[in-house]
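Peer 1: Before I ask anything, let me first share the structure, which is written out below as structure tokens.
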Amino acid sequence: MSQLRNDNLNDNDLIEGCVRNDRHFQRLLYDKYSAKMHGVCLRYTEDGDDAKDVLQEGFIKVFKNLSKFRSEGSFEGWLRRIFVNTSIEHYRKRKYLTRVTNHSDEQIEDEDINVLHRLAERDILAIINQLSPGYKTVFNLHVIEGYSHKEIAELLGINEGTSKSQLARAKSVLKKIIETSQVLKKENG
Amino acid sequence: MDKLKDKLLNYAVEAPDDSWDTIMHGINNTTSSNSSSRKISRYFLPIAAALVIIIFGAIFFINKRNPAMQIAKTNTNSLEKNMATFSSPDKNILAGSNDNPSKPIRENINNAKYITIANVDGNPVKISSKAASLIVSSDNQYPGRTVWNAKVNKWKARMLANPVTPTTSNFLDIADLTEALTDRNNSDN
């Protein structure tokens, strides 16, 4: 893939060019952010094909709605929200999000999960991908993106209690995976 | 958890090679579908407006060409309404042979084979219910059948012009009537 690079251009220049529907600027913006956004998509989706679909769908949305960006926050944050929302829409269409109302009694300490950071990103992702789509979405939104349970509840159309219980269950499942993971045993050992 | 968060938040994976082409294809399709829908709406509105004008114009023209039809329709409706709530003293005259004046006249007429009317002397006379419409037409209160009204008025005028009012019970009256009619025929010719 031929990469068009122009390091002198900042985000505002890229945005202006894209709003003018200039293909060159659109390509530059894609080259700058596609890898990071693909990473976001991979965290929320089930496999590479789904992530690719969401990435493409997300960039089409970005180029269509770029004129609505008001430069009030960071551009990357705005982009990230679009890709997170697109991933959620993608899974909502497939009805993968399960609604769990019962709360987990087990309290999982964050440190139990934090050991994951010792692994490579690809391995962390492989472990997180073992979670069910509902747990994975809530875990990603809360732990990685920093959304509050209230925001998650609004975004997913569930109540706050469900969001909390999904997170607790996600952590519980992750802890069990970590405990049985040979990779982590080696890391700890 | 912060270390895990930082690691995954900045996780980047090169996007698939053909994603850019798909995105461009998607953008072009969106743009072309938008422009085609704009084209359709640009042509559709004037055509729709012209059709509406033509239809209303045609309706207006037809109504103007056949005012009698319109008047007859309106009058038939009002006649139906009036007959249903008929409450003048003539109701008794036009009442059916079952002598139930509380029933609407149209119902009485439809159900009865004969109706009873009062003749000029106030005596009851039984006539066929088919003549009910004719009797109603003789009353200018119901301008429903314009043609019949005109005919009945003409007959009324002729009958009033006659010096005698013949009755079927008197043979001499019949002879007088024959003579009067013969005279009238001669004078008409």
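The values are calculated or read from the model by the stated rules, or taken from the named source; none is laboratory data. Owing to the predicted nature of the structure, the values given are computational and were not obtained by experimental measurement. So basically every Cβ, Gly included, is an ideal-geometry build from the backbone, and we count neighbours across all protein chains shown.
Peer 1: Of all residues in the stretch A:31-68, how many are in contact with a Phe, Trp or Tyr (Cβ under 9 Å, 6 or more places away or on another chain), among the small types (Gly, Ala, Ser) and more than 7 Å from chain B (Cβ to nearest Cβ)?
Peer 2: Residues that pass the stated criteria total 2.
Peer 1: Tell me the helices (runs of 4 or more DSSP H) entirely within the stretch A:114-176 that contain at least 3 residues that are touching a Ser or Thr at 6+ places or on another chain (Cβ under 7 Å) and within 14 Å of chain B (Cβ to nearest Cβ).
Peer 2: Ranges flagged: none.
Peer 1: Quick one: would you say A:Leu28 is more than 9 Å from every other protein chain (Cβ to nearest Cβ) and not charged (D, E, K, R)?
Peer 2: On the way: more than 9 Å from every other protein chain (Cβ to nearest Cβ): yes; not charged (D, E, K, R): yes.
Yes; evaluated as a whole, the condition is true for this residue.
Peer 1: Here's another thing I want to ask about it. All but one of (1) surrounded by 18 or more Cβ atoms within 10 Å (Cβ to Cβ); (2) at pLDDT below 90; (3) not in a loop (DSSP other than H, G, I, E, B) hold for A:Val100; state the number of the condition that does not hold.
Peer 2: Among (1) surrounded by 18 or more Cβ atoms within 10 Å (Cβ to Cβ); (2) at pLDDT below 90; (3) not in a loop (DSSP other than H, G, I, E, B), A:Val100 violates only (3).
Peer 1: Regarding A:Glu76, is this residue within 11 Å of chain B (Cβ to nearest Cβ) and surrounded by 19 or more Cβ atoms within 10 Å (Cβ to Cβ)?
Peer 2: no
Peer 1: Within the stretch B:135-189, track down each residue that is of a type in the set (Lys, Arg) and modelled with pLDDT under 75.
Peer 2: B:Arg145
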